[in-house]
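Enquirer: What follows is a structure written as structure tokens; I'll ask about it next.
The values are calculated or read from the model by the stated rules, or taken from the named source; none is laboratory data. Quick caveat: nothing in here was measured; it's all calculated off a predicted structure. Methodologically, a virtual Cβ is constructed for each residue, glycine included, from the backbone with ideal geometry; neighbour enumeration extends over all protein chains shown.
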């Protein structure tokens, strides 16, 4: 699978977070992916395979 996301991209996940948003910022890439909730700033880490299964779409770069 070709990588479609980069550091600081905003991504939409399939399930929403407890704060009722499903937009996350990618803050670390590698074997694990670190995500920060755009709304409440909660941070989570998950392995790349699980991330790619739960990813719905890439919304774009935070800096654009």
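Enquirer: With respect to residue 34, is the statement that it is in a strand (DSSP E or B) and at pLDDT 90 or above true?
Expert: On the way: in a strand (DSSP E or B): yes; at pLDDT 90 or above: yes.
Yes: the conditions hold for residue 34.
Enquirer: Run residue 52 past the list (1) surrounded by 14 or more Cβ atoms within 10 Å (Cβ to Cβ); (2) within 10 Å of the chain's Cα centre (by Cα); (3) part of a loop (DSSP other than H, G, I, E, B) and report the number of the one that doesn't hold.
Expert: It fails just one condition, (3).
Enquirer: Give me the residue from region 30-49 that is within 18 Å of residue 4 (Cβ to Cβ) and crowded, with 16+ Cβ neighbours inside 10 Å and, out of that set, nearest to the chain's Cα centre (by Cα). So that I can check it myself, show each step before the final result.
Expert: From region 30-49, those within 18 Å of residue 4 (Cβ to Cβ) are 30-35, 46-49; that's our starting set.
Next, only the ones that are crowded, with 16+ Cβ neighbours inside 10 Å stay: 33-35.
Working: 33: 8, 34: 7, 35: 5 Å.
Result: 35.
Enquirer: Keeping to region 18-32, report how many residues are closer than 19 Å to residue 60 by Cβ and either in contact (Cβ under 8 Å) with a residue 40 or more places away in the chain or in contact with a strand residue (DSSP E or B) (Cβ under 6 Å, 6 or more places away or on another chain) (or both). Before you say what the answer is, go through the steps one by one.
Expert: Narrowing region 18-32 to residues closer than 19 Å to residue 60 by Cβ: 21-29.
From what is left, the residues that are either in contact (Cβ under 8 Å) with a residue 40 or more places away in the chain or in contact with a strand residue (DSSP E or B) (Cβ under 6 Å, 6 or more places away or on another chain) (or both) are 22-28.
The number of residues fulfilling the criteria is 7.
Enquirer: Which condition does residue 59 not pass, out of (1) assigned to a helix (DSSP H, G or I); (2) surrounded by 12 or more Cβ atoms within 10 Å (Cβ to Cβ), if it passes all the others?
Expert: Answer for residue 59: the failing condition is (1).
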